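For reference, the structure discussed in these notes is given below.
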Amino acid sequence: VNNTLCPLCNGKPELLFDGGRDYFVAGGRSADFEVWFCHSCKTGFTMPQMSDRELLEFYPDDYEAYAPKGGFAEYLQRMKYRQDLSMIKRQLDPSSGTTPSLFEIGTGRGEFLDAARKASFDVDGIEQSAKGVEFAEHSYGIKVRTGSASEFVFERKYDVVVLRHVLEHLNSFRECLENIRRNGLKEGGILFIKVPNMDSWEARFFGKYWDGYDLPRHRFHFTKNGLCRVLASTGFDGITAIYEVIPSAAARSISTCARFRKTGPVKYLAALFSTLPLPMQYPILQMCCLTLSCFGTGRLILISKANPLPKTSGGQRND
Ligand SMILES: [Zn+2]
């Protein structure tokens, strides 16, 4: 009997798959997880739901965000940061003349903030891993606060708030957006969000082996329509959506298929492809992903602006 309800809207969701595992950190040695999709609010979610405390054991110290990349992968990553930052810059008012302030939630090891500072932003942020905080200070001289995205207090308001690969990890992502709008962004400030896009051929083709599911660390799975609605209802507008092609993510999904699919031609093709060196895999995947991008790409960027806050007292209407 299906008693599962959507945790966002109480709608009746559809089971996409069961028997999903933690492939990326635990190497498939974990409990089974399910992914459901709610057609009413266009958002997916992981079951069973876990408390923040229960989920902590799925974040080892060498979780991807905290592990040094190095070499080719790091070079590509740095390029990506510069692209993200120029997208943000295009949305800012150049006539203001001041150095824009940027706050990142979930800074990892501080590489993005380092790139932002080089692109002349005033940078600040918060990160829950003590190891990440230490690395950022030691390697880049950037001091970020230790704390979790779901419960922290902004000390001032910023021109830009960045959420790269954060929202999908939070049970209370809606509250996080409300907090940013109310306390973290200036009026008209820019919110930059990057999440895996479950409305993509990659999610459909790789299924439970898709790197964007990253079970059970990803609690919600987003689509453009679903996330746009949440943004509109938490006071953001002027939304721009950008679809990203990430060959390294596709390469990870392929190698997970090769390792963990039981049998079948996809497993053997994936295994064959995975034997190629990464600098050969990436250009091939880049081409395939670009060709297939009309079926949705695995990453989604949403850039939006904070609406003015409604006046709550004094009888002054804000219109
Ligand atoms: Zn729903």
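The values are calculated or read from the model by the stated rules, or taken from the named source; none is laboratory data. Owing to the predicted nature of the structure, the values given are computational and were not obtained by experimental measurement. We place every Cβ from the backbone using ideal geometry, glycine too, and count neighbours over all the protein chains shown. Only protein heavy atoms, including side chains, enter the accessible area calculation; ligands, DNA and RNA are left aside. Shrake-Rupley method; radii C 1.70, N 1.55, O 1.52, S 1.80 Å.
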Test set (1) buried (at least 19 other Cβ atoms within 10 Å of the Cβ); (2) within 23 Å of residue 82 (Cα to Cα) - residue 128 fails condition number: (2)
Checked segment 1-18 for anything acidic (Asp, Glu) and within 14 Å of the ligand (Cβ to nearest atom); matches are 14
Tally time: how many residues in segment 93-114 are of a type outside the set (D, E, K, R) and open to solvent by less than 40 Å² (accessible area, probe 1.4 Å)? 11
Per-region count, segment 9-31, residues in contact (Cβ under 8 Å) with a residue 40 or more places away in the chain and in contact with a Ser or Thr (Cβ under 6 Å, 6 or more places away or on another chain): 3
Conditions (1) under 30 Å from residue 289 (Cβ atoms); (2) open to solvent by less than 40 Å² (accessible area, probe 1.4 Å); (3) aliphatic (A, V, I, L, M): number failed by residue 239: (2)
Could you go through segment 85-95 and let me know if any residue there is in contact (Cβ under 8 Å) with a residue 12 or more places away in the chain and within 16 Å of the ligand (Cβ to nearest atom). no
Got at least one residue in segment 250-273 being open to solvent by 20 Å² or more (accessible area, probe 1.4 Å), under 20 Å from the mean Cα position of the chain (by Cα) and within 30 Å of residue 187 (Cα to Cα)? no
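Does residue 113 count as away from the ligand (no atom under 16 Å from the Cβ) and in contact with a strand residue (DSSP E or B) (Cβ under 6 Å, 6 or more places away or on another chain)? Please lay out each step first, then the result.
Numbers: away from the ligand (no atom under 16 Å from the Cβ): yes; in contact with a strand residue (DSSP E or B) (Cβ under 6 Å, 6 or more places away or on another chain): yes.
In short, yes.
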Matching option when the condition is surrounded by 16 or more Cβ atoms within 10 Å (Cβ to Cβ) and either closer than 18 Å to residue 230 by Cα or not charged (D, E, K, R) (or both), among 16, 56, 5: 16
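If you scan segment 134-148, which residues turn out to be buried (at least 20 other Cβ atoms within 10 Å of the Cβ) and without any contact (Cβ under 8 Å) to a residue 60 or more places away in the chain?
Of segment 134-148, the ones buried (at least 20 other Cβ atoms within 10 Å of the Cβ) are 135-136, 142, 144.
Selection gives 136, 142, 144.
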Complete set of residues in segment 158-216 that are part of a loop (DSSP other than H, G, I, E, B), surrounded by 23 or more Cβ atoms within 10 Å (Cβ to Cβ) and of a type in the set (S, T, N, Q): 200
Test result for residue 117, open to solvent by 50 Å² or more (accessible area, probe 1.4 Å) and in a helix (DSSP H, G or I): yes
Per the filter on segment 19-47, residues away from the ligand (no atom under 16 Å from the Cβ), surrounded by 15 or more Cβ atoms within 10 Å (Cβ to Cβ), hydrophobic (A, V, I, L, M, F, W, C) and assigned to a loop (DSSP other than H, G, I, E, B) are 24, 25, 26
With (1) part of a strand (DSSP E or B); (2) without any contact (Cβ under 8 Å) to a residue 24 or more places away in the chain as the list, and residue 3 as the residue in question, which single condition is left unmet? (1)
